[in-house]
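Quick notes on the structure that follows.
The values are calculated or read from the model by the stated rules, or taken from the named source; none is laboratory data. None of these values were measured; they are calculated from a predicted model. Glycine gets a Cβ as well: all are built from the backbone with ideal geometry, and neighbour counts include every protein chain shown.
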Amino acid sequence: MKYIEIIISKQSYEEVIKIAKKAHAIDLRFSLPDKDNMQRSRMIITNDKLQKLMDNFSHIIGAQPEAKILILEIDGYLPKSLEENEKEKSKIVEAREIIYTDMAKNTHININYLALVILSTIVASIGLIENNVAVIIGAMVIAPLLGPNIALSFAAVTGDTKLMFSSVKTILSGLSIAIVLPIFIGYFSNLPFDNPELLSRTDVKLDMFLLALASGAAAALSITTGLSSSALVGVMVAVALLPPAATLGIMLGSGNWNLAHSTAIMLLMNIVSINLASQIVFITQGIKPTLWSEKEQARKFMIFYGAVWITILVTLFIYVYMNLHLFK
């Protein structure tokens, strides 16, 4: 359930009523107009009607710069009928605007993001060197690199160039830290770097392509359907990018070029799979722009990025297949 508050011109009174009826609003109330000719209306709607409501209001909001829409989650609601209970239990896709807010948060390069990448890279590196699975999982759960990759797919599907460039910058800055920092660890350490946790991230197999694609799809699905925090933790562990990035840095720093090469393939495969699978999920979940011009731009981005991801993934698959079956 969502609590919607609309601040809009009082001349739009009738339009608000029509939109509320189309969205099957459970409750609709109006306040008296303010001195600036703006009127506040409030309504309660089910999650599955939110996207339609926002689309219907988009042209009004665009014509009234001072207009605003506030969306709040309702944790409890009384009385609740059996029919409403069933609606709440059904699978519902989150509205595009809510997902966008979450995506935008993951693309800001600030002190908190940089600190998370640095700290999680240190944690992952120590876990890999010490062969400590629990420590590695701890770094996975932090997952600072997952958010901007999913945001990039969301930006491609919605045709949002600003979010797209912000996502790319955040990804590159995070990966740079996650790779460069372990290079120094590998260079100044005298350890052999031959423990199972490290070596497992240098051994690329064909089934890992399916695992990476499934994990990327799960990540996007968890966002669009608003899964519980425990489910999100599982997704973070499944699509973790930090351990292979840290392994790549360690191998480069220690001069293990062949192992670094294999790890780079694994890291690239994970990044491409996450972006491709999450883009497909966003499309199948009906995430798209409202305006025709935005839809046309989004279509071009989807075709371009989809083609790039598929080309890279197929190339990597053929390369790994040849190395496993032809060159050994």
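Side notes on the structure shown:
- Test: residue in the range 165-174 that is under 29 Å from residue 318 (Cα atoms) and surrounded by fewer than 20 Cβ atoms within 10 Å (Cβ to Cβ): yes
To keep it simple, each residue is scored yes or no on (1) under 28 Å from residue 132 (Cα atoms); (2) in the same structural domain as residue 141 (by TED's automatic domain parsing); (3) modelled with pLDDT under 80.
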position: 215; (1), (2), (3): yes, yes, yes
position: 223; (1), (2), (3): no, yes, yes
position: 239; (1), (2), (3): yes, yes, yes
position: 248; (1), (2), (3): yes, yes, no
position: 263; (1), (2), (3): yes, yes, no
position: 272; (1), (2), (3): yes, yes, no
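- Some residue of the range 139-154 being closer than 23 Å to residue 301 by Cα, buried (at least 16 other Cβ atoms within 10 Å of the Cβ), among the polar types (S, T, N, Q) and out of contact with any Cys (no Cβ under 9 Å at 6 or more places or on another chain): yes
- Selection within the range 25-62 - more than 35 Å from the chain's Cα centre (by Cα) and either of a type in the set (Ser, Thr, Tyr) or under 15 Å from residue 73 (Cα atoms) (or both): 31
- Residue match in the range 150-160 (condition: farther than 20 Å from residue 244 by Cβ, at pLDDT 90 or above and not in a loop (DSSP other than H, G, I, E, B)): no
- Residue within the range 308-319 that is closer than 21 Å to residue 161 by Cβ and at pLDDT 90 or above present: yes
- In the range 238-267, the residues that are among the acidic types (Asp, Glu) never reach a residue that is surrounded by fewer than 23 Cβ atoms within 10 Å (Cβ to Cβ) and at pLDDT below 90 with C-beta atoms less than 6 angstrom apart, at least six apart or across chains.
- Note on the range 134-179: residues that are free of Cβ contacts under 8 Å to residues at least 24 places away in the same chain and charged (D, E, K, R) amount to 1.
- So residue 47, is it in contact with a strand residue (DSSP E or B) (Cβ under 7 Å, 6 or more places away or on another chain) and at pLDDT 85 or above: no
- Residue 209 vs. criteria touching a residue at least 40 places away in the same chain (Cβ under 8 Å), closer than 21 Å to residue 275 by Cβ, in contact with an Asp or Glu (Cβ under 9 Å, 6 or more places away or on another chain) and not in a loop (DSSP other than H, G, I, E, B): no
- Comparison of 252, 268 shows that the only residue that is assigned to a helix (DSSP H, G or I), assigned by TED's automatic domain parsing to the domain that holds residue 197, among the aliphatic types (A, V, I, L, M) and under 24 Å from the mean Cα position of the chain (by Cα) is 268.
- Breaking point among (1) on the phi > 0 side of the Ramachandran plot; (2) in contact with a Gly (Cβ under 7 Å, 6 or more places away or on another chain), for residue 255: (2)
- From 83, 88, 94, residue being outside any helix (DSSP H, G or I), acidic (Asp, Glu) and either surrounded by 16 or more Cβ atoms within 10 Å (Cβ to Cβ) or modelled with pLDDT under 80 (or both): 94
- A single member of 112, 131 is of a type outside the set (Ser, Thr, Tyr), part of a loop (DSSP other than H, G, I, E, B) and over 15 Å from the mean Cα position of the chain (by Cα), and it is 131.
- Within the range 1-17, considering residues that are buried (at least 16 other Cβ atoms within 10 Å of the Cβ) and assigned to a strand (DSSP E or B), the one farthest from the chain's Cα centre (by Cα): 9
- A single member of 287, 280 is assigned by TED's automatic domain parsing to the domain that holds residue 198, outside any helix (DSSP H, G or I) and not basic (Lys, Arg), and it is 287.
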